[in-house]
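Where a number appears in this text, it was derived from the coordinates with a stated rule and is not lab data. Given the structure is predicted, the values throughout are model-derived calculations rather than measurements.
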Amino acid sequence: MTENYKKIIKIVKNGPFLVYGGIPLVKLIISSNDSNYPYEWIEKQVYPQLEEYALCRCGKSENKPFCDGNHEKFDFEGMETASRESYLSGAKEINGPELKLTDNRDLCNHAGFCNRAGGIDYLVLHSDDPKAKKIAIQIAGNCNSGRLVVWDKKTGKSIEPDFETSIAVTEEPDKGVSGPLWVRGAIPIESSNGDTYEVRNRVTLCRCGESSNKPFCDGTHIMIGFNDGDESILKE
Ligand code: FES
């Protein structure tokens, strides 16, 4: 029983994400600025607290975000194809005066926060400007996939949001689609073969069933117009 109280996400082969340890589940939507660039995350819903639950990974549940067993009916093939290498081993670096950026494109889910105010690369290259530095830090923290990380060049440390451990069901009304599961606060994710992926503060898990980088989201939900049925959110 002890294991059930440890915070962890376990992936079932061709099945759901099993969540243990009473991890809070919320719904977050992307809010855009006046120029239509994704700007911030807004909390829309807090789900009832559950000690354990199963989240749909195939995109076919009729009770999203929870699993209803439809992965079996639809013969879901959920093979985990993501690299087991570390984030940094696949990241390129951009060095600015006060900030360094590491950017692992393999993790991109196309949320699009990085494009505003001239783009994250430009902002990091001009990080001796306090305004540019502040926006670069905001953008990286909003990058739910964890593709982007900014580092303080003086201390050599990454600058990360201080998340409460939680999972966010995301919606992207700017694109008219439902987004991935945003895993926040360094929750271990165990592969269906028992390995544990690198534990990170921010990662996104595919819940549409179509990512080519499972278990992580690769943005395919946008191309397929994934909709989890929350029309009221998507129309806002
Ligand atoms: S949720 Fe993004 S690719 Fe499936």
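Rounded to the nearest 5, the antiparallel percentage of DSSP beta bridges internal to the chain is 85%. Between 0 and 90 degrees, the angle of helix 130-142 with respect to the longest Cα principal axis of the chain falls at about 10 degrees. Computed over the chain, the percent of Cα pairs more than 30 Å apart is 23. Annotation: extensible slack from residue 134 through residue 46 equals 28.8 nm (criterion: 0.36 nm per residue apart, minus Cα-Cα distance). Using bins of 10 Å that start at zero, the share of Cα-Cα pairs per bin across region 165-220 amounts to 24, 52, 21, 3, in whole %.
Checked against a 18 Å cut-off, the cross-linked pairs 133/175; 10/44; 10/214; 73/214; 7/64 give Cα-Cα distances beyond that limit for 133/175; 10/44; 73/214; 7/64. Here the Karplus relation 6.51 cos²θ - 1.76 cosθ + 1.60, evaluated at θ = phi - 60°, turns the backbone of region 93-108 into coupling constants of 10, 10, 9, x, x, 10, 10, 10, 10, 10, 9, 9, 5, 4, 9, 4 Hz, with x for every Gly and Pro.
A Stokes-Einstein calculation at 20 °C with viscosity 1.002 mPa s, built on the Kirkwood radius of region 17-125 over Cα pairs, returns a diffusion coefficient of 122 µm²/s.
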